[in-house]
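One structure is given here, and the rest of the page talks about it.
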Amino acid sequence: MALKLVVEWTRASLRVAVAESRGAKWRVRAIHSQALAPAVDPGDVLRGMLKQAGKVAGAPVISVISREQVITRLVRFPATAAAEVAQMAELYAKGQLPYAREQTVMDYYVLQQQEGFSTVAIVACQREVVDRQLATLRAAGCNAGQVTVSSWGVLGWYQQLSAAGVAGACLVVNVDDTRTDLVLIGEGRILTSRSIGQGVHDWQASGSDPAELLGAEIERSRASVRKELPGTEVQAVQLTGLGELPLWKVALTQRLGVPVSVTAPEAAWKETMLRLHTPISPVVVGGLAGMTGEKLLNLSPAEVQGQAVHRRQVQQLVLVGVLVLMVLGLGAAALSLQVARQQQTIQQLEQVTAQAAPTARQLQQKQRAAQTVGGLLREREQVVALLATVLQQTPESITLEGLAFERLRRELVLRGRAPSTQAVLDYLGRLEQVAGIGGVELKFSTTRVEVAGEHVDFEAVVRQAAAG
């Protein structure tokens, strides 16, 4: 069963969502939260939370940054082909964003395509923000594959609501501990979004009516929508998250003149375990964890995205290897059955030929045939055992990128990567102690330094022990 993690931290808390795949869909299994003191490293807290979450090591991680930390531009391009739109978005990023391109990470998504034009939302963030996020995740031992924006978690939560889908555009307002997201959703996608650095405690401690303050922010969002997307109006408002939302709903309905509804965050999930040691709104992490079949906005640097693709390819290679082992095992079982049948046939023939006074040459030929089949069976069983032993002894820190068996030399060539040379030596030393392995030799190891960190590429040869 495949797993994925969603990690987000604010000024006051850290939260983790765990989801498991069920066919083509994802089910949110659990959501955890922990208070985060100002002087505490989020990576240390995250490491402890992952231990409490159970067996999640190696699962891909989606990291969340606040909508406040990114800028969004709505642009209209004279193209609809995906390759042309991507090229125009890149050119726009180089010339129109307030940051230098090499200091920027960006992605985009298409809002509308009509009459040869594409309306595109370009989302950009300073790279140092993303790099700090990824460094914290790596320090906690996570495989960070994607970095996305909190608005997309609100979208995922809204899509998972069984009653989601009002006619027209709906403004979803998620009140969290230190932040409030306002996301306008229409036709299953984000039309526009805002984030305010004020959470439930800020609204309640302001000295003014929280409903009035929140209503003013909603009005600003409506004005922004009319300016950026002429002809688009907010048709309904959905409140969720923390705070006295039912009380605020009454005042907001009178002020805004559109339907206002209140929905608890957990209404989007069934059978989800909430382990919230500090009050949070689980909308963002839970929404991202349960999203299915969506192309997620990804602000990871290009090299990190490449590493994520590489990890998926290696996982697929390992899966193929396991399937090959299963096929070899089935083949060995089939050969065993065939040999048993042949031996039974030989016994029957021996009885018949004994009665018919067979010649010694005929008996010798039948015996050689049986020995040949038995030798082939034993050789394949040894290969299957060697491959299974190597895979079982390979720790999670070692990534095997290639396996090749040299039949004539009875050698298994391993190619992979490790976090350090010592890790490679420990791994090879472990293999040498395993029964059935005649010897292990390190062919080469090379230390490589990339933006994502340092690793060691290596190649080793595992020799099969001589049959006893």
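Okay, here's what the table says:
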| quantity | calculated |
| --- | --- |
| Any hit, the stretch 18-26, residues being on the phi < 0 side of the Ramachandran plot and assigned to a loop (DSSP other than H, G, I, E, B) | yes |
| Matching residues, the stretch 385-407, being surrounded by fewer than 17 Cβ atoms within 10 Å (Cβ to Cβ), of a type outside the set (A, V, I, L, M, F, W, C) and not in a loop (DSSP other than H, G, I, E, B) | 392, 393, 401, 402, 406 |
| The listed residue being modelled with pLDDT of 90 or more and surrounded by 15 or more Cβ atoms within 10 Å (Cβ to Cβ), out of 255, 220 | 255 |
| Complete set of residues in the stretch 14-29 that are crowded, with 20+ Cβ neighbours inside 10 Å and either among the hydrophobic types (A, V, I, L, M, F, W, C) or outside the structural domain of residue 180 (by TED's automatic domain parsing) (or both) | 14, 16, 17, 18, 19, 26, 28 |
| Output for the stretch 217-248, where each listed residue is in contact with a His (Cβ under 9 Å, 6 or more places away or on another chain) and among the charged types (D, E, K, R) | none |
| Number of the condition not met by residue 111 [criteria: (1) at negative phi; (2) touching a helix residue (DSSP H, G or I) at 6+ places or on another chain (Cβ under 9 Å)] | (2) |
| Considering residues of the stretch 419-442 that are touching a Leu at 6+ places or on another chain (Cβ under 9 Å) and assigned to a strand (DSSP E or B) only, the residue farthest from residue 382 (Cα to Cα) | 442 |
| Residue under evaluation residue 245, criteria (1) over 13 Å from residue 203 (Cβ atoms); (2) surrounded by 14 or more Cβ atoms within 10 Å (Cβ to Cβ), criterion not met | (1) |
| All positions within the stretch 1-13 that are of a type outside the set (Ser, Thr, Tyr), part of a loop (DSSP other than H, G, I, E, B) and surrounded by 13 or more Cβ atoms within 10 Å (Cβ to Cβ) | 12 |
| Residue, modelled with the lowest pLDDT, within the stretch 140-171, restricted to residues that are of a type in the set (Val, Ile, Thr) and over 16 Å from the mean Cα position of the chain (by Cα) | 166 |
| Checking residue 62 against (1) part of a loop (DSSP other than H, G, I, E, B); (2) touching a helix residue (DSSP H, G or I) at 6+ places or on another chain (Cβ under 6 Å); (3) β-branched (Val, Ile, Thr), the condition it does not meet | (1) |
| Cβ pairs under 7 Å, 6+ apart, first in the stretch 325-344 and modelled with pLDDT of 75 or more, second in a helix (DSSP H, G or I) and small (Gly, Ala, Ser) | 339/374; 342/370; 343/370 |
| Residue identified as exposed (fewer than 13 other Cβ atoms within 10 Å of the Cβ) and in the same structural domain as residue 175 (by TED's automatic domain parsing) among 60, 42, 78 | 78 |
| Residue within the stretch 94-111 that is farther than 26 Å from residue 178 by Cα, in contact (Cβ under 8 Å) with a residue 24 or more places away in the chain, outside any strand (DSSP E or B) and among the aromatic types (Phe, Trp, Tyr) present | yes |
| Subset of the stretch 223-238 that is more than 20 Å from residue 120 (Cβ to Cβ) and among the hydrophobic types (A, V, I, L, M, F, W, C) - its residue that is surrounded by the most Cβ atoms within 10 Å (Cβ to Cβ) | 237 |
| Subset of the stretch 258-274 [surrounded by 14 or more Cβ atoms within 10 Å (Cβ to Cβ) and under 22 Å from the mean Cα position of the chain (by Cα)] | 268, 269, 272, 274 |
| Answer residue from the stretch 193-217, given it is in contact with a strand residue (DSSP E or B) (Cβ under 8 Å, 6 or more places away or on another chain) and within 25 Å of residue 297 (Cβ to Cβ) and is surrounded by the most Cβ atoms within 10 Å (Cβ to Cβ) among those | 193 |
| Condition check for residue 416: over 27 Å from residue 57 (Cβ atoms) and part of a strand (DSSP E or B) | no |
| Any hit, the stretch 119-139, residues being aliphatic (A, V, I, L, M), at pLDDT below 90, touching a Gly at 6+ places or on another chain (Cβ under 9 Å) and crowded, with 18+ Cβ neighbours inside 10 Å | yes |
| Whichever residue in the stretch 172-199 is of a type in the set (D, E, K, R) and in a strand (DSSP E or B) and, among such residues, is modelled with the highest pLDDT | 181 |
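The values are calculated or read from the model by the stated rules, or taken from the named source; none is laboratory data. Since this is a predicted model, take the numbers as computed values, not measurements. Note: ideal-geometry Cβ built from the backbone for every residue, glycine included; neighbour counts use all protein chains shown.
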